[in-house]
Amino acid sequence: MKELSLNILDVAENSVKAKASLTEIRLTEDGETLTLVIQDDGCGMTEEVVRSVTDPFYTTRTTRKVGLGLPLLKLAAEMTGGTMQVVSRAQAEHPADHGTAVTARFHTAHIDCPPLGDVVETVLTLIQGHPDTDFLFCHTLGERKVTLDTRELRQVLEDVPLNSYEVLQWIEAFLREQYQ
């Protein structure tokens, strides 16, 4: 994938498919390091599956025989001298505390570091496509933070769907203003 925002979209979509009620997307830029953490409270994975998810020829999908999302994210991180780690607790084994966390670290000064891309569009796409799922987005840029928590929006909006045109417009403006 040419931009990290597309990797974020892919991994967050996996969280939604895992029936997560909350998916956290955290980006931290500190000096020449970018850390991406996508964490959810979905059904999680067994240790055996976690060992297999970075193999491009492993997938749980029935429509194709390869799963490239996590292998491509791992490759992108490692090409910069960074790392990727997947930690998961399966719901069957941990009924009260389950879910998955994907952490990728990139060395941004490395020539092979992909651009971040448009994370605002990624967040909007996730909310528009999954209005009943909650997302917590936090991008820390040194001393500055860009944040959005759909749980807070739900409290204010009450019965207005998050994927309504006006709400999506407001979310986009709110996030873009924080980046200025």
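The values are calculated or read from the model by the stated rules, or taken from the named source; none is laboratory data. These numbers were taken from a predicted model, which means no experiment stands behind them. Cβ placement follows ideal geometry from the backbone for every residue including glycine, while neighbour counts extend to all protein chains displayed. Accessible surface is based on the protein model in full, side chains and every heavy atom, while ligands, DNA and RNA are left aside. Shrake-Rupley method; radii C 1.70, N 1.55, O 1.52, S 1.80 Å.
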The chain: C-alpha pair distances exceeding 30 Å, %: 19 percent
Candidate aspartates and glutamates for bridging to Lys145, where Cα separation is under 18 Å - those fewer than 8 sequence places away on the same chain excluded: Glu24, Glu29, Asp30, Glu32, Asp118, Glu121, Glu172, Glu177
Once phi is turned into θ = phi - 60°, what whole-Hz ³J(HN,Hα) does the Karplus curve with 6.51, -1.76 and 1.60 give for every residue of the stretch 128-141, x standing for Gly and Pro? 5, x, 9, x, 9, 9, 8, 10, 10, 10, 9, 10, 9, 10
If you count, for each residue, the other Cβ atoms within 10 Å and average over each peptide, how do 133-141, 91-99, 106-114 line up from highest to lowest? 133-141, 106-114, 91-99
Report for the chain the percent antiparallel among DSSP-assigned beta bridges with both residues inside it, nearest 5. 80 percent
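Roughly speaking, to the nearest percent, how much of the chain's 1.4 Å accessible area is carbon and sulfur? All intermediate terms of the calculation are to be shown ahead of the outcome.
On the way: 5220 of 10170 Å².
The C+S portion of the solvent-accessible surface of the chain is 51 percent.
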First select every other residue whose beta carbon is under 13 angstrom from the beta carbon of Leu136; then total the charges, Lys and Arg +1, Asp and Glu -1. -2
Using C-alpha positions alone, give me the convex hull volume of the stretch 87-133 per residue in cubic angstrom. 118 Å³
